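This report concerns only the one structure given below.
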Amino acid sequence: MAGLAPSNIRLPPPPPGQAFEARDVAVEDEPPAGDREVFDDAGALLRIEHDDGSITITMDGRPLRGADARETGWYDNLVDDIDPTELARIADDLLRGVGDDLDSRKEWVEARADGIRLLGLKSELPGLGGSADGAPVEGISRVRHPLLLEAVLRFQANARSELLPTDGPVKIRDDGPNGDTVEQDRLGDALEQDLNHYLTAVATEYYPDTDRMLLMLGFGGTAFKKVYYCPLRNRPVSETVDADDLIVNQSATDLRNARRITHRLTMRPSVVKRLQILGVYRDVELAQAKPAELDSVQREKRAQEGISDTTTNPDDRDREIYECYCELNIKGFEHKYKGKVSGLEIPYRVTIDVSSRQILSIVRNYDEDQEQLPEARVNFVKYSFVPGLGFYDIGLLQILGNTTNAITAAWRELLDAG
């Protein structure tokens, strides 16, 4: 047998006065004697004309059998067509590169963790053992001045009213040449209404997710949105990516000139399995998930929220996934120019399971019409508070952090003296 599609049916010749009767049939590699196969110019099997006058066709319009044994789309997962040795080399190189990117921003991560503590979101009561900052005096006050927190909340409130109005965030303006202005206005109003309905009624996560992003944008100065098509929700989404989870080397100045962009995700094992069933990820057995190695920002966030990450059951651990947007020269998929291998590294999206060091997917990250000279697709949108010296920008933490520290120290001295 050569792969029976569920939509394949055989239409027998109808008896006089009766309708066609449809039933599933299998498409064999060699047709029975007397049957005639009809192919298109590319060699794909379109239909089979049987000697009894019946015809085998498909109801969805696709060929019964493709010209190749395995037909792939431009954005399909290429991992099954790459040599395992090449996959291991790619995984090792990328994980080593991501480690270097993490090392380059260690000081930035430590400063961000200190800033989260400065917000004073956690209640700290005076008690034995000194203050939260290590002062050896028992019972000293642990109050923090709300200067930084007030500034962040004020920015979030102002930005929310501008970017997230109740009737929807989309406003359409026609800057084209004058023509049928009535028709253009009608189309513009329809587009505005449809997009606002989608972002408020269909993509219900958009408003709370963007609101959360505005808080971190004002605080740290940098926030990101990832715009992509979600295979699980079966629709396009625009989701916030925390700056701590978008790993970029500090030598980069923007997303365009970054050598490597890594989105760090945590997924439930069931979500990974769903993506494997859908064919988005390679269906391979993964090693048991290791305990996550949290950085300073992740630990401080959990401390402020009062969350302890003590999962004793290994099956309950989330899997850490690296989604790397990078340029590679993959053996078997080399870039060619004028019929010759050029050696040019071209954009790909590589998904790696960190615990098992297994590559789950490799997908082209450029459009098919740019095959001659590929340019990476824009997958992330960067929001900046104040443009900074490096990749990560300046926020209220950098502007008011030292002042908040000084006023906090003065407050504590005054309260304890009183």
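Of all the residues that make up region 357-380, how many are within 16 Å of Cys324 (Cα to Cα) and in contact (Cβ under 8 Å) with a residue 40 or more places away in the chain?
Within region 357-380, residues that are within 16 Å of Cys324 (Cα to Cα) and in contact (Cβ under 8 Å) with a residue 40 or more places away in the chain number 13.
Yes or no: Arg412 open to solvent by less than 60 Å² (accessible area, probe 1.4 Å) and not in a strand (DSSP E or B)?
Judged against the criteria, Arg412 is a match.
Restricting to region 337-370, and then to whatever is assigned to a strand (DSSP E or B) and hydroxyl-bearing (Ser, Thr, Tyr), can you tell me which residue is nearest to the chain's Cα centre (by Cα)?
Out of the qualifying residues, it is Thr351.
Return yes when Ile407 is open to solvent by 20 Å² or more (accessible area, probe 1.4 Å) and at pLDDT below 95 and no when it is not.
Taking the combined requirement at face value, the residue satisfies it.
Determine which single condition Thr262 fails, assuming it passes every other condition in (1) within 19 Å of Asp295 (Cβ to Cβ); (2) not in a strand (DSSP E or B).
It is condition (2) that Thr262 fails.
Does region 282-319 hold any residues that are touching a strand residue (DSSP E or B) at 6+ places or on another chain (Cβ under 7 Å), within 25 Å of Asp101 (Cα to Cα) and part of a loop (DSSP other than H, G, I, E, B), and which are they?
Result: Ala289, Ala292, Asp318.
Out of the residues in region 211-239 meeting the condition of being of a type in the set (Ser, Thr, Tyr) and surrounded by fewer than 22 Cβ atoms within 10 Å (Cβ to Cβ), tell me which one is nearest to Arg302 (Cα to Cα).
Here the answer is Ser238.
Determine which single condition Glu300 fails, assuming it passes every other condition in (1) at pLDDT below 90; (2) open to solvent by 50 Å² or more (accessible area, probe 1.4 Å); (3) closer than 28 Å to Leu121 by Cα.
(2)
Is it true that Ser355 is touching a helix residue (DSSP H, G or I) at 6+ places or on another chain (Cβ under 8 Å) and either farther than 23 Å from Ser141 by Cα or at pLDDT below 90 (or both)?
Details: touching a helix residue (DSSP H, G or I) at 6+ places or on another chain (Cβ under 8 Å): no; either farther than 23 Å from Ser141 by Cα or at pLDDT below 90 (or both): yes.
For Ser355, the condition - touching a helix residue (DSSP H, G or I) at 6+ places or on another chain (Cβ under 8 Å) and either farther than 23 Å from Ser141 by Cα or at pLDDT below 90 (or both) - is not met.
So, in region 371-406, of the ones that are touching a Lys or Arg at 6+ places or on another chain (Cβ under 9 Å) and part of a helix (DSSP H, G or I), which residue ends up farthest from Leu147 (Cα to Cα)?
Leu397
The values are calculated or read from the model by the stated rules, or taken from the named source; none is laboratory data. Computed from a predicted structure; not experimentally measured. We place every Cβ from the backbone using ideal geometry, glycine too, and count neighbours over all the protein chains shown. Note: areas computed on protein heavy atoms with side chains; ligands, DNA, RNA excluded. Shrake-Rupley method; radii C 1.70, N 1.55, O 1.52, S 1.80 Å.
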